[in-house]
Amino acid sequence: MLIEDNRLLRDAIAQLLASQPDVALVGAAASSEAALRDSHATKAQVVLLDLGLKNDDSVRLVRELKRMAPDVRVIAMDLFPVHEDVVELVKAGVSGFILKDATPADFMNTIRAVAGGSHVLPPPLTDSLFSQIARQAAGRGTQAVIAALRLTQRERQVIDLIGEGLSNKEIAQRLHIATHTVKSHVHNILEKLALHTRLQIAAFARAEGAD
């Protein structure tokens with residue numbers, strides 16, 4: 001189901017979807033009211049929602065769609081959503097985001113991934129969103145950052161050992177895991193904490209200890 005008030009864009013997306021052998025467009029609407037009146041909105045597996053609908057509250061619409069059809073997967077489309085809006089939309093039930101400058105391949109890959117149960121956030125949004133979560137939690141101490149970013153127990157252990165000055169090889173020996181696994185954990189930690197170097201992770205670990 002497609003909800004897009006720009007007719008030219010709506011027709012272009014419809015043509016793209018029609019060219020895909022594994023996708024069926026069951027309905028297209030130009031407003032939230034028209035979409036909610038259309039029974040296809042509750043029967044569709046995925047709803048593509050334009051965040052720029054005139055005089056429409058996108059968060060309210062997502063909540064209403066999820067109320068009417070709890071299993072529907074909603075994908076929000078926008079040029080570049082405001083970070084705060086992304087957080088609210090995710091809370092409302094959005095499963096994925098598509099930037100309107102995405103390639104047709106990325107567009108379809110996002111739809112297929114979300115239909116398959118995944119949650120998709122475009123790379124340009126990922127770093128900035130993690131940074132925002134970290135900033136919001138920072139005022140409440142590093143324990144709040146840990147909770148907000150959902151660091152795993154193993155990632156917590158790696159952070160602590162980096163804080164002690166251990167190398168990847170030494171961390172691997174201490175935790176009885178492979179060195180490449182440690183590298184993967186370090187990569188995930190850097191992304192989640194919006195950091196760039198091991199030194200910054202060490203500083204974070206020391207701040208946590210002070211907490």
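The values are calculated or read from the model by the stated rules, or taken from the named source; none is laboratory data. These numbers were taken from a predicted model, which means no experiment stands behind them. Counting neighbours? That spans all protein chains shown, and the Cβs are built from the backbone with ideal geometry, glycine included.
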Practice problem: Of the numbered conditions (1) modelled with pLDDT of 90 or more; (2) farther than 22 Å from ASP106 by Cβ, ARG10 fails exactly one; give the number of that condition. | Solution: (2)
Quiz prompt | Filter result for the condition that a residue is of a type in the set (A, V, I, L, M, F, W, C) and either at pLDDT 90 or above or under 21 Å from HIS180 (Cβ atoms) (or both), over LEU125, LEU121, LEU149, LEU166 | solution = LEU166
Quiz prompt | Residue tally, condition in a loop (DSSP other than H, G, I, E, B), more than 12 Å from LEU48 (Cβ to Cβ) and not acidic (Asp, Glu), over the range 1-15 | solution = 1
Exercise. Please list, ordered by first then second residue, the pairs with beta carbon atoms under 7 Å, 6 or more apart or interchain, first in the range 161-185 and of a type in the set (D, E, K, R), second modelled with pLDDT of 90 or more and surrounded by 15 or more Cβ atoms within 10 Å (Cβ to Cβ).
Key: ARG174/LEU161; ARG174/LEU166; LYS183/ASN168
